[in-house]
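Let me begin by presenting the structure, written as structure tokens, before commenting on it.
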Amino acid sequence: MNNQTQVRAMIVDDEAPMRAHLRHRLQQAWPNLQIAAEANNGLSAIEQANQIQVDIIFLDIRMPGKNGIETATHLADKAHLIFVTAYDEYAVQAFEQGAIDYLLKPIDLDRLKQTCAR
């Protein structure tokens, strides 16, 4: 994506403080990224992704309703998926769903910058 294009993202996490923390870290790592939507569960993320276009979805794994892996099956064709989770054991499943990266909480700013550079 060139620098002229406004990249839009969605943050999906069931914990509001984690969404706020990720939003803050993203502002530090990628100031021009527009957070176009936030969702607190997989069902809401799917609904929002059907209504608005985003380029990247930052997705938690363990959430009520549909977990991140289940949600990814509905979102992989809509945007790039980056999982942000405290659980490393789901990485293979995440990449099988088309994830372009897998970040572990707590979010390391340098590691997030590497992800954003991709």
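Which one, 55, 88, 13, has the greatest fluctuation when you compute a Gaussian network model over the chain with C-alpha springs under 10 angstrom?
88
What are the DSSP H helices in the chain that stretch 27 Å or more along their long axis, judged by alpha-carbon atoms, and whose average Kyte-Doolittle hydropathy comes to at least 1.6? Spell out each step's value before the answer.
On the way: long enough: none.
None clear 27 Å together with a mean of 1.6.
For residue 95 and residue 43 in one chain, what is 0.36 nm times their gap in residues minus the Cα-Cα distance, to one decimal in nm? Mind showing how you got there, number by number?
Values: separation 52, 0.36 × 52 = 18.72 nm, distance 2.05 nm.
Answer, rounded to one decimal: 16.7 nm.
Taking the chain as a Gaussian network, where each spring joins two C-alpha atoms under 10 Å apart, which residue of 68, 42, 98 fluctuates the most?
Most flexible of the set in this elastic network: 98.
On the principal axes of its Cα set, how long, how wide and how thick is the chain? Give whole Å, largest value first.
35, 30, 27
Tally Lys/Arg at +1 and Asp/Glu at -1 over every other residue whose Cβ is under 12 Å from the Cβ of residue 45; what's the total? Each step should come with its number before you reach the end.
Values: positive: 19, 66, 78; negative: 13, 14, 38, 47, 60, 70.
Overall, the nearby charge balance is -3.
Every number here is computed from the coordinates shown, using simple stated rules; none is lab data. Computed from a predicted model, the values in this text were never measured in an experiment. For neighbour counting, all protein chains shown are included, and Cβ atoms are generated from backbone atoms with ideal geometry for every residue, glycine included.
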